[in-house]
Amino acid sequence: MAHLSDVFIRNKDTFEKGEPMFDEWILPNSWQVVTAALAIVLHQRSAWRLHLVMVGILFSRGRKTVTSWFRAAGIIRQYKAFYYFIGAMGRKTETIATVLFEIMIGRIFQKQNRVLMAIDDTATKRHGAEVQGAGIHRNPTVTPDGAKFIYGHVWVVLSALVRHEHWGTIGLPLLARMYIRARDVNRQRMRFQTKLQQAAELVKWASNCCKRFRKSLWIVTDGGYTKAGFLKPAIKAGATIVTRLRRDAALHSLVKPVKKRKRGRPRKYGKRINLSHKAASNKGWFSVEVTLYGRKQTRLVKMFKATYRPAGGEVLVLISREAFNSWRAFICTDLTATAEEILDAVADRFAIEQNFHDLKEIEGAGQQQVRNLDTNTGVFHLNLWVHTMVELWAWQQRANVIRDRRDSPWDDATRRPSHADRCAALRHETLKQTFFETFGHNRKNRKIARQFYKLMKLAA
């Protein structure tokens, strides 16, 4: 099947085989503004390459290798310089992510006082013994063949979570850290960091960004990050942490103030609290109405304050009764938080799991087949940023622009548009603007325009 760049050829003497007809892709103005802002922090000698690489990610077909990016963007000369450019971006991920964070705040969180973000880790499969940073890791999603381990990279990802008025919670991935096992670090000549330490660094970065805009930061995680190596640095950075508790978590009661201080250090933790006994007790339960996973539900909850050693002090504990004899426990480091706020944050955490699915299935994270450590970091972050830029572009778009299912009458026309629908809508808009900007839109080419729309649906 011919590639999109091979569809239109004006003159064989003017264009080489495989070179795109359009001298420049004309993307929507909002996309161009974001791309230009990200390019400002790059070296101006090579910053112009960012636009082409992102266009290649957006229009690449099949397996999403770096060479497929280059073919989609029409990069046929001096392609080696683009490899070096992607590697250079891998060393500036934090700077670029800061610019994207500022744009995100201005477009989505401008009227909100709180920024909710999620942290989790995911694995991308790789092949080859000489891939820097790759190793054998536990497979979080066991494949049909039952393989419990995977060879590849593990990324600790930070994603902003925001609720759309019509489409529910959407994740906007911004920054990640590559986790390398201790036995593999010596080969890379790097300093070993645990996932907890990397997650704490991401929280510190996000907290500094939020402080510049006078926004409070909430971080929601799963139970794997309920440890002192993450909780204490994150709390010190000024973030509020919401996370799940184990049923055998070592909670202690609050210490009652003493009238007369005795010798020695004052007691910090009280008596041990048994969560199972707390959940079995009929006292203290009350019902709350919350919106979970797009539906209004009534939950029976119990809240109390306790001390928790990994957090270094007092925490707010919430027990939610899921069904008969079934419950879950969560903690929040903000002692003034409500049950609705905690449950909303816990429910919104699923958006980062959806991010991981879309990044691997649509952007093709892990398929780029590059070996250098910085280049691997660069290609993964390019996938993150393109994902977020597509969501930012689609945020203010009308539903009928993104959710066009007229050619699929068997589908639910009111179904929430997926990330794939948003990417397709952006490609359609780009092709439309590029085509009519090049040839104009008048009565003479009306028939050509009709055929072009049919071709556009097949190509994008």
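When you check Val346 against the structure, is it at pLDDT below 95, over 30 Å from Ala237 (Cβ atoms) and buried (at least 18 other Cβ atoms within 10 Å of the Cβ), yes or no?
Answer is no for this residue.
Those residues that are in contact with a helix residue (DSSP H, G or I) (Cβ under 7 Å, 6 or more places away or on another chain) and either without any contact (Cβ under 8 Å) to a residue 24 or more places away in the chain or on the phi > 0 side of the Ramachandran plot (or both), I need them from region 415-434; list them, please.
Answer for region 415-434, where residues must be in contact with a helix residue (DSSP H, G or I) (Cβ under 7 Å, 6 or more places away or on another chain) and either without any contact (Cβ under 8 Å) to a residue 24 or more places away in the chain or on the phi > 0 side of the Ramachandran plot (or both): just Asp421.
What are the residue pairs meeting all of these: first residue in region 115-139, first residue at pLDDT below 85, second residue buried (at least 20 other Cβ atoms within 10 Å of the Cβ) and not charged (D, E, K, R), Cβ atoms under 6 Å, and 6 or more apart or on different chains?
Cβ pairs passing all conditions: Asn139/Ile150.
Could you go through region 228-249 and let me know if any residue there is touching a residue at least 40 places away in the same chain (Cβ under 8 Å) and of a type in the set (Phe, Trp, Tyr).
Within region 228-249, not a single residue is touching a residue at least 40 places away in the same chain (Cβ under 8 Å) and of a type in the set (Phe, Trp, Tyr).
Could you check how many residues of region 371-416 are of a type in the set (D, E, K, R), closer than 30 Å to Gly152 by Cα and surrounded by fewer than 20 Cβ atoms within 10 Å (Cβ to Cβ)?
Final tally of qualifying residues: 2.
Checking Asp412 against (1) in contact with a helix residue (DSSP H, G or I) (Cβ under 7 Å, 6 or more places away or on another chain); (2) outside any helix (DSSP H, G or I); (3) over 13 Å from Trp167 (Cα atoms): exactly one of these is not met. Which one?
(1)
Might you check whether a residue that is over 27 Å from Glu102 (Cβ atoms), touching a Lys or Arg at 6+ places or on another chain (Cβ under 8 Å) and not aromatic (Phe, Trp, Tyr) occurs anywhere in region 343-360?
yes
Which number in (1) surrounded by fewer than 16 Cβ atoms within 10 Å (Cβ to Cβ); (2) farther than 30 Å from Val157 by Cα marks the one condition that Ala279 misses?
(1)
Scan region 72-99 and report the pairs whose first residue is more than 19 Å from Gln369 (Cβ to Cβ) and whose second residue is part of a helix (DSSP H, G or I) and polar (S, T, N, Q), with Cβ atoms within less than 6 Å and a gap of 6+ or a chain change.
Partner pairs satisfying both residue conditions: Gly74/Ser5.
So Leu300 ticks every box in (1) touching a strand residue (DSSP E or B) at 6+ places or on another chain (Cβ under 9 Å); (2) assigned to a helix (DSSP H, G or I) but one. Which box is left unticked?
Among (1) touching a strand residue (DSSP E or B) at 6+ places or on another chain (Cβ under 9 Å); (2) assigned to a helix (DSSP H, G or I), Leu300 violates only (2).
Checking Gly294 against (1) over 27 Å from the mean Cα position of the chain (by Cα); (2) more than 21 Å from Ala200 (Cβ to Cβ), only one condition comes out false. Which one?
Every listed condition holds for Gly294 apart from (1).
Say we look at region 372-409 and pick out the residues that are among the aromatic types (Phe, Trp, Tyr) and part of a helix (DSSP H, G or I); which of these is farthest from Thr65 (Cα to Cα)?
Per the stated criteria, the residue is Trp393.
Give the residue that is modelled with the highest pLDDT, with candidates limited to residues of region 246-291 that are assigned to a helix (DSSP H, G or I) and among the aliphatic types (A, V, I, L, M).
Per the stated criteria, the residue is Leu275.
Could you tell me which numbered condition Asn186 fails, if it satisfies all but one of (1) without any contact (Cβ under 8 Å) to a residue 60 or more places away in the chain; (2) surrounded by 14 or more Cβ atoms within 10 Å (Cβ to Cβ)?
Every condition holds for Asn186 apart from (2).
Sort out which residues of region 385-439 are at pLDDT 80 or above and small (Gly, Ala, Ser), and write them in order of number.
If the condition is that a residue be at pLDDT 80 or above and small (Gly, Ala, Ser), then Ala394, Ala399, Ser418, Ala420, Ala424, Ala425 are the ones that fit.
Assess whether Thr291 counts as being farther than 18 Å from Ser159 by Cα, in contact (Cβ under 8 Å) with a residue 40 or more places away in the chain and in contact with a Gly (Cβ under 7 Å, 6 or more places away or on another chain).
Considered against the rule, which asks whether it is farther than 18 Å from Ser159 by Cα, in contact (Cβ under 8 Å) with a residue 40 or more places away in the chain and in contact with a Gly (Cβ under 7 Å, 6 or more places away or on another chain), Thr291 comes out as no.
Residue pairs, Cβ under 7 Å, 6 or more apart or interchain, first in region 387-409 and over 23 Å from Phe356 (Cα atoms), second outside any helix (DSSP H, G or I). List them.
Between residues of region 387-409 that are over 23 Å from Phe356 (Cα atoms) and residues that are outside any helix (DSSP H, G or I), the close pairs are Ala399/His166; Arg405/Asp411; Arg405/Ala413.
For the condition surrounded by fewer than 20 Cβ atoms within 10 Å (Cβ to Cβ), in contact with a helix residue (DSSP H, G or I) (Cβ under 9 Å, 6 or more places away or on another chain), of a type in the set (S, T, N, Q) and in a helix (DSSP H, G or I), what is the one hit in Gln354, Gln367?
Gln354
Any residue in region 341-362 that is of a type in the set (A, V, I, L, M) and without any contact (Cβ under 8 Å) to a residue 60 or more places away in the chain?
Yes, because at least one residue in region 341-362 is of a type in the set (A, V, I, L, M) and without any contact (Cβ under 8 Å) to a residue 60 or more places away in the chain.
Filter region 105-136 down to residues that are in a strand (DSSP E or B) and surrounded by 13 or more Cβ atoms within 10 Å (Cβ to Cβ), then give me how many there are.
13
The values are calculated or read from the model by the stated rules, or taken from the named source; none is laboratory data. Note that the coordinates shown come from a computational prediction; the quantities given were computed from them, not determined experimentally. Cβ atoms come from the backbone with ideal geometry, glycine included; neighbour counts cover every protein chain shown.
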